[in-house]
1. At 1.4 Å probe size, with every protein chain present, just tell me what the per residue accessible area of the range 100-167 comes to in Å².
2. Go ahead and set up a Gaussian network model of the chain, Cα springs under 10 Å, then flag whichever of ALA20, ALA191, ALA84 fluctuates most.
3. For the pair GLN81 and GLU139, how long in nm is the line joining their label points, each one 7 Å along Cα→Cβ?
4. Can you pull out the trypsin sites (Lys or Arg not before Pro) in the range 94-137 that DSSP calls coil and that have at most 13 other Cβ atoms within 10 Å?
5. Could you tell me how far the Cα centroid of the range 1-49 sits from the Cα centroid of the range 56-113, in Å?
6. What's the longest uninterrupted piece of the chain once you rule out the GluC sites (Glu not before Pro) that are loop residues per DSSP with at most 14 other Cβ within 10 Å?
7. Take the Cα of ALA20, step 7 Å along the line toward its Cβ, and report every residue of the range 44-79 whose backbone nitrogen sits under 13 Å from that point.
8. Please build a GNM for the chain, connecting alpha carbons under 10 Å apart, and tell me which residue among LYS48, LYS149, LYS62 fluctuates the most.
Amino acid sequence: KLAPGDLAILAGMPSSGKSALADQAAWECARSGTQAVMFSYEMSSRKKVIRIAQQIARMNIKQYDSVPMDKKLEFTEAVRQINACPNLHIYEHDNTVNKLSARCRTIHQKQPVGLIIVDFLQEIAEMEPPASKNERTDERLGRICTMVKKLGRELNCPTIILSSLNREGYKPGAIPSMAHLRSSGGIESKADVVAMLYWPEENPRT
């Protein structure tokens with residue numbers, strides 16, 4: 001369990017399930033009555049809602065036409081509940097740390113924020129203005145992590161940042177290590193928790 005002010009890095013290869021896990025964390029937080037703020041840079045807020053609804057209804061939207069009617073109704077109800085939930089905030093256009101910080105502070109003024117999720121680190125790093133023309137990638141990633149962690153401490157809530165793993169030297173099915181965390185030197189030193197998802201070849205994700 002994350003404590004207020006903690007920064008967790010949730011890392012994994014594409015399709016490892018890190019976004020789904022973060023989505024579930026945000027929804028569980030929001031449905032319990034706590035403000036959850038998620039910044040999505042890989043997909044629109046609409047697609048995020050659909051992703052979360054799929055998890056709630058335990059169905060794949062690609063199979064929508066072939067699932068029983070009760071599952072379709074369950075999915076539709078899940079979408080309604082998510083859209084009606086006042087505690088779940090999903091944004092896709094706050095493309096710098098200063099913008100997402102301002103957004104969180106505005107929400108916090110009305111009701112305390114309980115969780116902040118950034119999905120994901122390498123995407124916002126491409127949009128974040130460099131601190132200097134000579135700033136290295138690992139320095140920028142580390143700076144972003146530091147700023148998000150400071151925001152969490154300011155608002156007294158945990159923060160979760162999703163991150164990619166470095167494909168170089170990584171074999172599918174292998175247990176990832178800190179060495180596989182992309183530009184890890186600028187990330188791991190800022191985090192209170194680093195969690196890595198993987199699916200062994202003998203137990204692949206389905």
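The values are calculated or read from the model by the stated rules, or taken from the named source; none is laboratory data. Every value quoted in this text rests on a predicted model; they were computed, and no experiment measured them. We place every Cβ from the backbone using ideal geometry, glycine too, and count neighbours over all the protein chains shown. What goes into the accessible areas is simple: the full protein's heavy atoms, side chains included, and nothing from ligands, DNA or RNA. Shrake-Rupley method; radii C 1.70, N 1.55, O 1.52, S 1.80 Å.
1. Here the per-residue accessible area is 48 Å².
2. ALA84
3. 4.8 nm
4. For trypsin sites (Lys or Arg not before Pro) across the range 94-137 that sit outside H, G, I, E and B with at most 13 neighbouring Cβ atoms in 10 Å, the list reads LYS133, ARG136.
5. For the range 56-113 versus the range 1-49, the Cα centre distance is 10 Å.
6. In the chain, the maximal stretch lacking such sites is 43-134.
7. 51-62
8. LYS62
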